[in-house]
Amino acid sequence: MRFSTRAIHAGQDPDPATGSVTVPVYLTSTYQQPEPGKEGKYVYSRTANPTRTALEECLASLEEGRYGLAFSSGMAATTTILLSLKKGDHVVAGDDIYGGTYRLFEQVLRNYGLQFTYVNPENPENVERAVRKNTRLIWIETPTNPLMRIVDIRQISKISKKAHALLVADNTFMSPYLQNPLAHGADIVVHSTTKYLGGHSDLIGGATITKDEDVESRLKYLQNAVGAIPGPLDCYLVLRGIKTLAVRMERHNENARTISEFLSKQPKVEKVNYPGLPDHPQRGIIKRQMRGNGGMLSFQLKGSFNQCKKLLNSLRIFTVAESLGGVESLIEHPASMTHASVPRERRTKLGISDDLIRVSVGIEDVEDLVQDLNRGFKAI
């Protein structure tokens, strides 16, 4: 089956008990066992729940993996992966990653004895130089958040395999419709299902997908032992969102391309970061590992933080808010919002300047979005 068909049907056969076409929301915590000491497929909903099973099977199919696991948030999925390591293990991570991931690594997990090195993974040699004897994990986002840098998954995979380390790719920005990191050598894909997979800004969730049985076994054990699992209603909402993922991503992709071209022509814009621009220096990698350019972009104003605030406060359709991937267009200031937990000196070094704005382009009429941005530019 092709992607759009799998999004609607994978893991979602009609309910055998009732014939319900939609996967039921199983609001139960525990299940009858055939006899003492003999467990059925389901025992306790922290361990497994039929609604969650449907979602996990669907996610595995869409990411071209074998095993999917659902979590209570993207950060819960990230934390569970890192809990598979032990004190003294080393992680090489991209330097331009989500601020919440950086905060978890630096302010939480480093306290438990994990070691982290941050490099610009656009150049695979940077990653290779950072690898140590105790490196057990390489963590990348592509495109990165918020600078939209592209990382060559295939090249980083070669490095990870040589180092006997797992390669984790955060695929939240692209969604499985536009990119499948497992097909390019990643060992684990992680998602915030809050974003494009859910698609409607009405849930919090996360997921991991892998092809490796041993990796799955360890993550499944931790999912149950740690217990950061989503409720069945959240699983249902992600499944409902996934059914329209393909058609939504096409519109996100189309609208973001138009917005990026509009911004590129604005005299008050210094730079636009978007994979779909024709002069992008990594066009070869983009063409090889992505099937589109996504709905995320960022741009740098020729101005100050105050001008950024004036622009954002003048908008009527774009909503000033964190998060991304919903049907509505969102706009935010990374330095004071999503990446505020990153120290200022580090933000400046990375290029997350006070005049940088990040946009999650929704699926509204693109002419209305352009008109709204025009209103913002007139205010500065």
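The values are calculated or read from the model by the stated rules, or taken from the named source; none is laboratory data. Nothing here was measured: the structure is a model prediction, and the numbers come from that model. Note that each Cβ is placed from the backbone with ideal geometry, even for glycine, and that neighbours are counted across all protein chains shown.
Some notes on this structure:
Let's see how each residue does on (1) under 30 Å from PRO181 (Cα atoms); (2) touching a Phe, Trp or Tyr at 6+ places or on another chain (Cβ under 8 Å):
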position: ARG257; (1), (2): yes, yes
position: SER260; (1), (2): yes, yes
position: PRO267; (1), (2): no, no
position: PRO281; (1), (2): yes, no
position: ILE285; (1), (2): yes, no
position: MET290; (1), (2): yes, no
position: GLY294; (1), (2): yes, yes
position: GLN300; (1), (2): yes, no
position: PHE318; (1), (2): no, no
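- Residue that is farthest from the chain's Cα centre (by Cα) [pool: residues in the stretch 256-271 that are surrounded by 21 or more Cβ atoms within 10 Å (Cβ to Cβ) and of a type outside the set (Gly, Ala, Ser)]: LEU263
- Considering the stretch 323-359, and only residues there that are within 17 Å of PHE305 (Cβ to Cβ) and among the acidic types (Asp, Glu), the residue that is nearest to the chain's Cα centre (by Cα) turns out to be GLU332.
- Residue in the stretch 81-102 that is among the aliphatic types (A, V, I, L, M), within 14 Å of the chain's Cα centre (by Cα), assigned to a loop (DSSP other than H, G, I, E, B) and over 22 Å from ILE229 (Cα atoms) present: yes
- Here LYS211 does not fit the description of being more than 25 Å from ILE153 (Cα to Cα) and either of a type in the set (S, T, N, Q) or surrounded by fewer than 20 Cβ atoms within 10 Å (Cβ to Cβ) (or both).
- Sole residue being within 20 Å of the chain's Cα centre (by Cα), among the polar types (S, T, N, Q), surrounded by fewer than 19 Cβ atoms within 10 Å (Cβ to Cβ) and at pLDDT 95 or above, chosen from ASN120, ASN126: ASN120
- Positions within the stretch 229-246 being over 10 Å from ASP202 (Cβ atoms) and small (Gly, Ala, Ser), in sequence order: GLY231, ALA246
- The stretch 1-53, residues that are among the polar types (S, T, N, Q) and in a loop (DSSP other than H, G, I, E, B): GLN12, THR18, SER20, THR22, THR28, SER29, GLN32, GLN33, SER45, THR47, ASN49
- Checked against the criterion of being touching a residue at least 12 places away in the same chain (Cβ under 8 Å), over 19 Å from ASN49 (Cα atoms) and either touching a strand residue (DSSP E or B) at 6+ places or on another chain (Cβ under 9 Å) or assigned by TED's automatic domain parsing to the domain that holds GLY295 (or both), the stretch 223-231 contains not a single residue that satisfies it.
- Strands (runs of 3 or more DSSP E) contained in the stretch 244-337 and holding at least 3 residues of a type outside the set (D, E, K, R): 269-273, 296-301
- Residues satisfying the criterion are present in the stretch 54-67 (criterion: assigned to a loop (DSSP other than H, G, I, E, B) and on the phi > 0 side of the Ramachandran plot).
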